[in-house]
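Reading through the structure tokens given below for one structure.
The values are calculated or read from the model by the stated rules, or taken from the named source; none is laboratory data. This one's a predicted model, so the numbers in the text were calculated from it and none came from an experiment. We place every Cβ from the backbone using ideal geometry, glycine too, and count neighbours over all the protein chains shown.
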Amino acid sequence: MSLDLAMGVRYIKGVGEAREKMMKKLGISTLLDLVSFFPRAYEDRTVIKNIDELTIGEAVCIRAAVVSAPQLTHVRQGLGYVKLSVTDESGIMEITFFNQSYLKDTLKQGEIYFFYGKISGDFFRPTMVNPLFEKDKDHGTITGRLMPIYPLTSGLNQRSIVSAIRAGLDKCGEELPEVLPESVIRQYELCRISYAYENIHFPTDFQSLNIARHRLIFEELFTLAIAMKHLRSRRSEAMGTSLKLPDIKEFYAVLPFEPTNAQKRAIDDALMDMMKEQPMNRLIQGDVGSGKTLVAAACCWSAWRSGYQAAFMVPTEVLANQHFNSLTELLEPFGIRVDLLTGSLTAKHKREMHEKLRFGEIDLIIGTHALISQGVSFSNLALVITDEQHRFGVNQRSMLSEKGDSPHVLVMSATPIPRTLALIVYGDLDVSIIDEMPPGRQEIKTYIVGENYRQRINNFIRKLVGEGRQVFVICPMVEEEEDDDEDALVKNDLKSAQKHYELFKNELFPDLHVALVHGKMKAKEKDAAMLSFTNGESDILVATTVIEVGIDVPNAALIVVENAERFGLSQLHQLRGRVGRGKHESFCILFNGETASEATKERLAVMQETNDGFKIAEEDLKMRGPGDFFGSRQHGLPELRIANLASDMLVLSQAQEAAKEILDDDPNLEKSENRFLANEITRLFEINADSLN
Ligand code: ADP
Ligand code: MG
């Protein structure tokens, strides 16, 4: 019978129903999940020392014989301690076990044991308290080795997960399917899969651990690279429309400002792309406020100059309106016909728009998903643009492209991503980076504060509103929810947007206009609240991160973030970018929750040190790893189990090179040596169906 990796964990020796439930919380349902549940750290129990060379505070093994029979002392009913002396050739040491009376008879005088524990006492009389131990002949089982430490949930202890994983690995034996093609294993000198799984959990030493880790990291990045490349290759190979290269000076001449050099470079890149018949596939990456809209406008202008239509899709209605306004301002002077198509139009109005688009009476259409609805067709669509692309699935983007005849594609992202990562996330998209801010941008003053500043901040809000400014207040959650995975303490500390809103509206600022926006509201309500803020009707907007995406309210001068420690740095940077967009001096207040650790405080400090989105992204990636970096899997990047895209760059580039070779040789993974790889890719796509498709 062949190995069934999809087998439920319940059928693994020693697991049963109760543990199955607890494991589920850790994301472990199947045998494969179990053996893929990697340790988060290892305890080094390999160091063996003589008694005369111990240092207080270190954790080590000693190999020693029991000198005298262990003595049990009762303290009170049921409580007591066992004391014994042990010796090796170098000296004598005392060991104490508390509340393990039975050890009196377990440890035998004259026998040799390995003891592992932390050294206490003083220099002259080192001792161990409650050490782990095993007989000399068993050495290597729990002492003298690297012990895995797993990230756990309450109810499961290390010992039970270790034994379940041991049983799982034994079940797999040598039968784990080899996902990596033979040729790759050989070329990159990787170990076998069984060795890798065995040694990532139960390494005999650091060398075997490193060999195993390296192989698993490689495998993870390799399959990811294959998956991403595969995804892109599904894109049509068809030829599109080659545009004439216009004289961009004509466009610049009409602008109210001089484009930055970075903007000019990005525009040149895109215009050159669009001259080719092969459709452009370019990502414009630039920090908040770097002026990406102008690049989009230049491309639309260029399409119009060649007599073609362009479509610009954004994730929300508010953004659509905003872009409509700014693009109209930029492009109408040329006689370009710009229009807006969103879900909230009346059916009649929509039909009219559909007609106009079909007959080519609109040159640039800006809209939400409404653009990809059935009724929409174009006369001659040659350029499609999506803003804040991570909010769209790959499918939605390709649906927009299918409205034209292999149109050029421009994608704009405000989340600065380190280059290495962009390679994976965006596969073979060409990337232009806008790494320069328009002149005159002011720094946003950022402060990290605790609860003791609450009153002062509230006063500050009132003062700014009094001066005519507007204020964002961001909370991490919508409402307090029961969530038994989370520590109750942490939960109580979270400021819910709903509660905060009520507090502001009813108690703190009853005389001001307070609005609320969160992800659980209906799209209509959300848009209405958002609109009331953008057009200045409300003074304070209490919101969750739904407002993170490119909203532009120049009058907003303060953003207050509750429980800032709960957010990723890149996310905080995005949020901060909501202010400082006008001429007013702007501020960002980060409330640090009381339960925040030193590490998170240090992390937040980065926000105070720099305003550079790329630097912040790098820091974020270093500190939190890509899983967290992307928050809720925004970029369609599957969660990585072991690789760290910040520290494993070298492996990443090897993995990409290997992936390219395999796909060049076998584009559809049909060869028999690639069958397990093909299965793995299918599995990846299934698991990540939402984000990858
Ligand atoms: P983002 O990259 O965040 O989308 P926008 O395109 O919204 O940035 O631009 C932010 C603001 O900067 C807008 O108000 C825009 O008019 C202005 N802007 C863009 N480019 C320049 C420039 N070269 N000089 C001065 N202001 C500019
Ligand atoms: Mg923008």
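Scanning segment 395-413 for residues that are modelled with pLDDT under 75 and either within 16 Å of ligand 1 (Cβ to nearest atom) or of a type in the set (D, E, K, R) (or both) returns a single hit, Arg397.
Summed over segment 325-339, residues that are more than 13 Å from ligand 2 (Cβ to nearest atom) and either under 33 Å from the mean Cα position of the chain (by Cα) or surrounded by fewer than 19 Cβ atoms within 10 Å (Cβ to Cβ) (or both) total 8. Considering segment 352-379 alone, what residues qualify as being among the aliphatic types (A, V, I, L, M) and part of a helix (DSSP H, G or I)? Passing the criteria: Met353, Leu357, Ala370, Leu371, Ile372.
Residue by residue, here is whether (1) at pLDDT 95 or above; (2) under 25 Å from the mean Cα position of the chain (by Cα); (3) among the small types (Gly, Ala, Ser); (4) on the phi > 0 side of the Ramachandran plot holds:
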residue: Glu482; (1), (2), (3), (4): no, yes, no, no
residue: His513; (1), (2), (3), (4): yes, no, no, no
residue: Leu516; (1), (2), (3), (4): no, no, no, no
residue: Val549; (1), (2), (3), (4): no, yes, no, no
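Quick grid of which residues meet (1) of a type outside the set (Gly, Ala, Ser); (2) closer than 18 Å to Gln574 by Cα; (3) crowded, with 17+ Cβ neighbours inside 10 Å; (4) at pLDDT 85 or above:
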{"site": "Glu618", "(1), (2), (3), (4)": "yes, yes, yes, no"}
{"site": "Pro626", "(1), (2), (3), (4)": "yes, yes, yes, no"}
{"site": "Ser632", "(1), (2), (3), (4)": "no, yes, no, no"}
{"site": "His635", "(1), (2), (3), (4)": "yes, yes, yes, no"}
{"site": "Glu639", "(1), (2), (3), (4)": "yes, no, no, no"}
{"site": "Asp648", "(1), (2), (3), (4)": "yes, no, yes, no"}
{"site": "Val651", "(1), (2), (3), (4)": "yes, no, yes, yes"}
{"site": "Ala678", "(1), (2), (3), (4)": "no, no, yes, yes"}
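Could you identify the single residue in Ala270, Ala298, Ala262 that is at pLDDT 95 or above, closer than 24 Å to Val579 by Cβ and away from ligand 2 (no atom under 14 Å from the Cβ)?
Selected residue: Ala262, the only one of Ala270, Ala298, Ala262 that is at pLDDT 95 or above, closer than 24 Å to Val579 by Cβ and away from ligand 2 (no atom under 14 Å from the Cβ).
Restricting attention to segment 263-294 and to residues that are among the hydrophobic types (A, V, I, L, M, F, W, C) and in contact with a Ser or Thr (Cβ under 8 Å, 6 or more places away or on another chain), the residue that is farthest from Pro407 (Cα to Cα) turns out to be Ala266.
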